[in-house]
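Participant: This structure is in structure tokens; I'll ask about it shortly.
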């Protein structure tokens, strides 16, 4: 549950790819490279801001060409994408392992039940057998109760991260073209 809440907070659109940020970055840099404090403020704004700020920093270096700009933004984009995917593998593992753990509990419970009902034991008690089967099946249910929401949220977050990464790639390409034109003039 903690992973889901953390990812819900961290993967909000405003924290990752604010809608107007690219247009603002284009406007600020239309007449030239902005001062370092503006670049730093952009980097602290959001994940997309980090990528765009890396392009501005690369553009400000002497002798930087369009490949340097693109390499800097791609590197920053990989770092940001890695951070966006944080905890997703743990959530996928929980979704995969929870039903298996529930099934393991069920099997162990059934082994105990049938062991207590063996011919050499004190006799078979149908109420005890029914109670034991009920407890064993609860293990399966609890495993599924954990697995199903985990899987749903993992898929939701996976799709959200993929969408954000695509949006950042497109914004970075547009910004790189803008910076390249700015550098040529």
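Participant: Name every residue in the stretch 77-101 that is surrounded by 19 or more Cβ atoms within 10 Å (Cβ to Cβ) and farther than 21 Å from residue 4 by Cα, in order of residue number.
Facilitator: 77
Participant: Go through the stretch 47-76 residue by residue and tally those that are within 17 Å of residue 17 (Cα to Cα) and surrounded by 18 or more Cβ atoms within 10 Å (Cβ to Cβ).
Facilitator: Residues meeting the conditions: 11.
Participant: Still on this structure, please answer the following. Identify, please: which residue in the stretch 22-46 is under 23 Å from residue 79 (Cα atoms) and touching a residue at least 60 places away in the same chain (Cβ under 8 Å) and is, among those, farthest from the chain's Cα centre (by Cα)?
Facilitator: Selected residue: 26.
Participant: Let me ask something else about it. Which of the residues spanning the stretch 14-46 are surrounded by fewer than 12 Cβ atoms within 10 Å (Cβ to Cβ) and either within 17 Å of residue 83 (Cα to Cα) or in contact with a strand residue (DSSP E or B) (Cβ under 6 Å, 6 or more places away or on another chain) (or both)?
Facilitator: Of everything in the stretch 14-46, those that are surrounded by fewer than 12 Cβ atoms within 10 Å (Cβ to Cβ) and either within 17 Å of residue 83 (Cα to Cα) or in contact with a strand residue (DSSP E or B) (Cβ under 6 Å, 6 or more places away or on another chain) (or both) turn out to be 14, 44.
Each reported figure results from applying straightforward, stated rules to the coordinates on display, with no laboratory input. Here the structure is a predicted model, which is why all the values come from computation and not from measurement. Note that each Cβ is placed from the backbone with ideal geometry, even for glycine, and that neighbours are counted across all protein chains shown.
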